Amino acid sequence: MTALTRHRLFWPAVVLVLLLVSNVFFAPRFFSITLQDGHLYGSLIDVLRSSTPLVLVALGMTVVIATGGIDLSVGSVMAIAGALACLMIGDLPDQGSVGGVLLAVVAAVGLAAVLGIWNGVLVTVIGIQPIIATLILMVAGRGIAQLLTDGQIINVSSPPFRMIGAGYFLTLPVSVLIVAAVVVAAALLTRRSALGVLVEAVGASPTASRLAGIRARGLTIMAYVFAAVCAAVAGLIFSSNVASADSNAAGNLIELDAILAVVIGGTALTGGRFSLAGSVLGAVLISALDITTYTIGIPAETTLLFKAVVVVVLCLSQSAAFRAVVFRRRTVGASA
Amino acid sequence: MSRKWTAALLAGALALTGPAGCGGEDAGSGGSGSGGGKITLGFSQVGAESGWRTANTKSIQESAATAGIDLKFSDAQGKQENQIKALRSFIAQRVDVIAFSPVVESGWDTVLKEAKDADIPVILTDRAVDSQDTSLYKSFIGSDFVLEGKKAGEWLVKEYEGKTDTVNIVELQGTPGAAPANDRKAGFADVIKADPKFKVIASQTGQFTRTDGKEVMEAFLKTYPDIDVLYAHNDDMGLGAIEAIEAAGKKPGTDIKIITVDAVKDGMTALAGGKINYIVECSPLLGPQLMDLAKKVKAGEQVPQRVLTEETTFTQEQAKAALPDRKY
């Protein structure tokens, strides 16, 4: 039992379960999942679906943070990817053509990879602090997205593109399947090969790992490319969900949510050891928090306060020092 | 335009030179407004959060060009701190007139005082501020959001006339603290409170965006199985909600009646297609009226404290008729 409560993901998992259960008092059918028009339908599906962009962004952020860096530009990369894809699809003579949509998706992801290389080169080759290096693209990237869309919301009506964010395959949301595939692939790559250990080594000590013969520079650039590609896919899901590209709203402040998700998941911001599962859990928790505020009817003005309280409680529960104080009080109280 | 220039410059910098420096910001728009006979108008826009806002921006830019006014346009991207910065930079550049659409209602006294001290007249467009001191701005041109909320409520009262069953209403609010959100909510509530059969069972913010409108409506649909009416504070949230309603296997416009505010093209298309039932117009085309005001204010003429934009409402039939020559 103590082994279970000591696990670093125990407390986030408890908070997630508590959040979900608390919904039942306000929406009795919260846990019911039914079949609607040939796909699964229910609040839990909503939680999963709406968490998909954040899970992806948090996944990329985890790897970057593991190398001792941070990527603030993910939100802007999301906006660029969504804008470019919608722009290209809007120009298609037939928006329903699968090939055209595929080309747009590949172009968006490809551009994101270039932006990832840009971030990585700034950090490794030029040696700028990661927080500053990625801040450049965070600010400029949003500008590029607005330039692409001319500051407008671009609407598309393309059934193949809709599939990405709002479609279903074998009764399951396509976006969830995409994210699951990325998570599994990332987990296999980092845990079934030496890649994960190498990344952790670079994060723990770039110099030591370089002296040990690890190509720290290449690994770090790869981490930023991975983060950017994840963000691009997140941006595609985000814009596909509402069939439009909104370069102001897409991914706005998502970098902060992603960093929070990573921290909730138990990855230290100083780099080194990381937990992909933890970040996924953290991201799902944050999106469950959103849905909960809607379900239990927290007034719009106090939503942010409510979220802050939950996050503070969560962080306190994760702190060993805080738990020690609370438990000592209890034992003292019991013996007296 | 300056924002685009900055974006373009930065994009260029990204591609070529790397983060060499930030000195070149706003290089394209220098110059002061005092020289020549041309009026310089500094305008700070909320952002580009909706189709409505885009049409509003376009109207202001086009009418400035027609009226021969030198427009310095700045986009606040929905953040008050950006807007305050923009206003300060307008004051520093000594423009002739400042106009802006406040992101939120409160917290403007200091910067407006600075403008007043610098003798630069201020015109509010589209949204009000809650400053007690009305001498801080010359005029406020825009829609009456309370009236818009009332119009929405009046249609609802008429639609359910003679029926006694409870009408369950869910509301998608705009950005918390923004004048259109506060007033559209208040006006609507004011009209429907006369009849106890109207019940607002849930009201949440959808941030005026499609994504949030969809997400909140999804949660509403699961929490409340019998929603009769959706009242969304703008078209975009309503359009997002329509997707959620369709995904839930219900028919928007029939199973759940939908009222929205704005009447942008996408919204009007949905209205003509029967997916929305009623739209209260909130016209963004206030550019010509604004340029007129700016000229009068600059000339030192007396202007009214409050100028209303001309607006109407649309039913599904009226939308079909109006849609072909809808500009935005």
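The values are calculated or read from the model by the stated rules, or taken from the named source; none is laboratory data. Only a predicted model underlies this, so the values are computations on that prediction, with no experimental measurement involved. Cβ placement follows ideal geometry from the backbone for every residue including glycine, while neighbour counts extend to all protein chains displayed. Keep in mind that these areas ignore ligands, DNA and RNA; they rest on the heavy atoms of the full protein, side chains included. Shrake-Rupley method; radii C 1.70, N 1.55, O 1.52, S 1.80 Å.
Structural remarks
- A:W118 - accessible surface, heavy atoms, 1.4 Å probe, Å² rounded to 10: 50
- With every protein chain in place and a 1.4 angstrom probe, the accessible-area ranking of A:M222, A:M163, B:M291, largest first, reads A:M222, A:M163, B:M291.
- Accessible area ranking (1.4 Å probe, heavy atoms, ligands and nucleic acids excluded), largest first, for B:I141, A:I259: A:I259, B:I141.
- For chain B, the longest principal axis of the C-alpha atoms and the axis of helix B:80-93 are separated by about 30°.
- Annotation for the A:B interface, with buried accessible surface near 3600 Å², both sides summed [1.4 Å probe; non-protein components not counted].
- Only lysines eight or more places from B:K151 in sequence, or on another chain, were considered; those with a Cα closer than 17 Å are B:K185, B:K193, B:K257.
- Rounded to the nearest 10 degrees, the inclination of helix B:210-223 to the longest alpha-carbon principal axis of chain B is 30 degrees.
- With contacts taken as Cα pairs under 8 Å at a separation of at least 6 residues, segment A:36-297 carries a relative contact order of 40 percent.
- Here segment A:85-234 is described by how far its Cα atoms reach on the three principal axes: 55, 38, 20 Å, from widest to narrowest.
- Reduced Cα scattering model of chain B, Debye log10 I(q)/I(0), q = 0.10, 0.16 Å⁻¹: -0.63, -1.27
- Considering only A:V242, B:S135, B:G68, the residue lying farthest towards the positive end of the dipole of the protein assembly as shown is A:V242, judged by Cα position with unit charges set on Cβ.
- Segment B:32-98: trypsin sites (Lys or Arg not before Pro) falling in loop per DSSP and having at most 15 other Cβ within 10 Å: B:K38, B:K79, B:R94
- With every protein chain in place and a 1.4 angstrom probe, the accessible-area ranking of B:D130, B:D228, largest first, reads B:D130, B:D228.
- The calculated P(r) of segment A:117-180, using every Cα pair and 5 Å bins from 0, goes 4, 14, 13, 10, 12, 17, 15, 10, 4, 0 in percent.
- When the surface is traced with a 1.4 Å probe over the full set of protein chains, A:D290 keeps roughly 30 Å² accessible.
- Between the helical axis of B:235-247 and the longest alpha-carbon principal axis of chain B there is an angle of about 40 degrees.
- Debye intensity ratio in log₁₀ form over the Cα atoms of chain A, taken at each q of 0.06, 0.07, 0.08 Å⁻¹: -0.23, -0.31, -0.40
- Spacing of the two label points (7 Å from each Cα toward its C-beta) at A:A3 and A:V309, in nm: 3.7
- Relative contact order of chain B, defined on C-alpha pairs under 8 angstrom at six or more residues apart (%): 17
- Look at the alpha carbon pairs under 8 Å that are at least 6 residues apart: their mean separation over the length of segment B:145-282 gives a relative contact order of 25 percent.
- Contact residues in segment B:221-254 by the 40 Å² criterion (accessible area, 1.4 Å probe, full protein complex versus chain alone): B:K222, B:T223, B:E243, B:A247, B:A248.
- Using the Cβ-Cβ distance between B:E159 and B:A321 with R0 set to 25 Å, the FRET efficiency works out to roughly 0.80.
- Diffusion coefficient, µm² s⁻¹, Stokes-Einstein with Kirkwood Rh over alpha-carbon pairs of segment B:145-282 at 10 °C and 1.306 mPa s: 111
- Over the C-alpha trace of segment B:279-325, radius of gyration and Dmax come out as 15.2, 46 angstrom.
- Above 35 Å, the calculated P(r) of the protein assembly as shown contains 46 percent of its Cα-Cα pairs.
- Across the accessible surface of the protein assembly as shown, with the other protein chains kept in place and a 1.4 Å probe, carbon and sulfur atoms take up 62 percent.
- Membrane-span-like helices of chain A, defined as complete DSSP H segments with a Cα extent of 18 Å or more along the helix axis and a mean Kyte hydropathy of at least -1.0, are identified as A:10-24, A:43-66, A:74-90, A:98-124, A:130-149, A:174-191, A:216-241, A:276-295, A:303-318, A:320-335.
- Among the trypsin sites (Lys or Arg not before Pro) found in segment B:240-328, those both in a DSSP coil and sparsely packed, with 11 or fewer other Cβ atoms within 10 Å of their Cβ, are B:K327.
- Förster radius 35 Å - calculated FRET efficiency between A:T270 and A:L177, Cβ distance, rounded to 0.05: 0.55
- Rounded accessible area of B:D75 (nearest 10 Å², 1.4 Å probe): 30
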